[in-house]
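The values are calculated or read from the model by the stated rules, or taken from the named source; none is laboratory data. The model shown is predicted, which means the values in this text are computed figures rather than measured ones. Neighbour counts are summed over all protein chains in view; Cβ atoms, including those assigned to glycine, are modelled from backbone coordinates with ideal geometry.
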Amino acid sequence: MDLPVVQPVFVAYAQARGVAQRLRFHPGDFFKDPLPKCDVIIMGHILHDWNLEEKLMLLRKGYDALPPRGALIIHEALIDDARKQNAFGLLMSLNMLIETHGGFDFTGADCCKWMKDVGFTRTRVKRLAGPDGMVVGYK
Ligand SMILES: C[S@@+](CC[C@H](N)C(=O)[O-])C[C@H]1O[C@@H](n2cnc3c(N)ncnc32)[C@H](O)[C@@H]1O
């Protein structure tokens with residue numbers, strides 16, 4: 001799902017990679033529209049653009065779109081919980097604070113708490129390659 005204006009870029013990229021048959025673009029505005037219903041939702045570098053109220057709204061929309069035991073994966077340059085190690089994540093957060101109205105990066109623990117607050121029953125944090133990590137919330 002992305003804004004309708006992104007669709008031609010998505011189609012060209014999927015065709016160039018030979019995966020157009022396996023993917024479908026869902027045009028929408030996540031401030032106005034519900035998220036499409038599915039078993040697993042990945043939000044990649046989405047939450048960090050927005051302030052806390054907007055982050056919680058997006059997590060709630062993710063929760064509402066999932067069936068019981070469905071999963072929401074938040075993929076970001078997660079800051080370590082002590083906020084001392086992941087310089088890339090900390091600098092990305094500074095970047096968001098400068099470039100957006102209220103966006104900021106966050107720790108795995110922050111995200112787990114927000115997910116619990118909107119109703120997810122179980123969460124886990126996993127570090128990925130480089131500065132990135134993911135938080136998985138299960139409905
Ligand atoms: C930082 S990019 C992340 C792109 C990609 N998911 C990634 O991980 O690299 C944020 C994305 O959110 C999309 N976006 C911004 N506002 C949106 C909205 N209101 N509804 C749906 N998508 C939106 C942008 O078009 C952009 O593709």
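Key figures
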item: Cross-chain or 6+ apart pairs with Cβ under 8 Å, the stretch 17-31 first and not assigned by TED's automatic domain parsing to the domain that holds MET43, then modelled with pLDDT under 95; result: none
item: Strands (runs of 3 or more DSSP E) enclosed by the stretch 37-139 - at least 2 residues per element that are surrounded by 15 or more Cβ atoms within 10 Å (Cβ to Cβ) and touching a residue at least 40 places away in the same chain (Cβ under 8 Å); result: 71-76, 133-138
